[in-house]
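Contents: one structure, followed by commentary.
The values are calculated or read from the model by the stated rules, or taken from the named source; none is laboratory data. Since the structure is predicted, the reported quantities are computational estimates derived from the model, not experimental observations. FYI the Cβ positions are ideal-geometry reconstructions off the backbone, even for glycines, and counts take in every protein chain you see.
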């Protein structure tokens, strides 16, 4: 598939994919969405970061709600903030909560860096994640291991979303409780084998048992 024909992925889909492939497909294939307290807090934080005009701070030009595109990687999206320093662009992504055990936020930031490198023709070696609970930035090195992970996630997500597939649910209590799509996904019900399966297996076993 040529670059012009392949599916261009929203950068946000990469974060959704690492959090939960089924959630990613429900959003980007089935076009489903629901909001809960966590998503509302995140939306408000993004609106605050994205709002306002460009300005200068500490010698850097601060750009807000920057539209991004990469033909090389087939990505599009919006960066909350891009600081333009003399050494090049520096992306800052705003998140509610605190740093996570998985690397979804870092992958999203790295994807923004890949787009900025393509746009500016300069390497992006670092960015930052601003977490609402901590109220401070967490620096993120855009190193080779993060780049490889990001490219791998891009390929995995594109393969599934291009095919229009929705992965089966895998219930994990903590993750699923935090997901606003839980009522639409029904992970507890759909990930457990239906009761009829157990009944059928027992019936077949009884039928094949010697008398």
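With the requirement that a residue be in contact with a helix residue (DSSP H, G or I) (Cβ under 8 Å, 6 or more places away or on another chain) and modelled with pLDDT of 95 or more, what does the range 129-159 give you?
Matches in the range 129-159: 129, 140, 142, 146, 147, 149, 150, 153, 154, 156, 157.
Determine which single condition residue 125 fails, assuming it passes every other condition in (1) within 16 Å of the chain's Cα centre (by Cα); (2) loosely packed, with under 15 Cβ neighbours inside 10 Å; (3) closer than 16 Å to residue 85 by Cα.
(1) is the only condition that residue 125 fails.
Tell me which of these residue 118 doesn't satisfy, since it passes every other one: (1) surrounded by fewer than 13 Cβ atoms within 10 Å (Cβ to Cβ); (2) over 17 Å from residue 18 (Cβ atoms); (3) at pLDDT 95 or above.
(1)
If I ask for residues that are at pLDDT 65 or above, under 34 Å from the mean Cα position of the chain (by Cα) and surrounded by 10 or more Cβ atoms within 10 Å (Cβ to Cβ), which ones from the range 178-211 would you list?
Listed by number, the residues that qualify are 178, 179, 180, 181, 182, 184, 185, 186, 187, 188, 189.
Being surrounded by fewer than 15 Cβ atoms within 10 Å (Cβ to Cβ), over 30 Å from residue 58 (Cβ atoms) and over 13 Å from the mean Cα position of the chain (by Cα) narrows it down to one residue among 160, 170, 166, 87; which is it?
170
So which of 68, 63 ends up being in contact with a helix residue (DSSP H, G or I) (Cβ under 9 Å, 6 or more places away or on another chain), surrounded by 15 or more Cβ atoms within 10 Å (Cβ to Cβ) and modelled with pLDDT of 90 or more?
Only one candidate passes the filter, namely 68.
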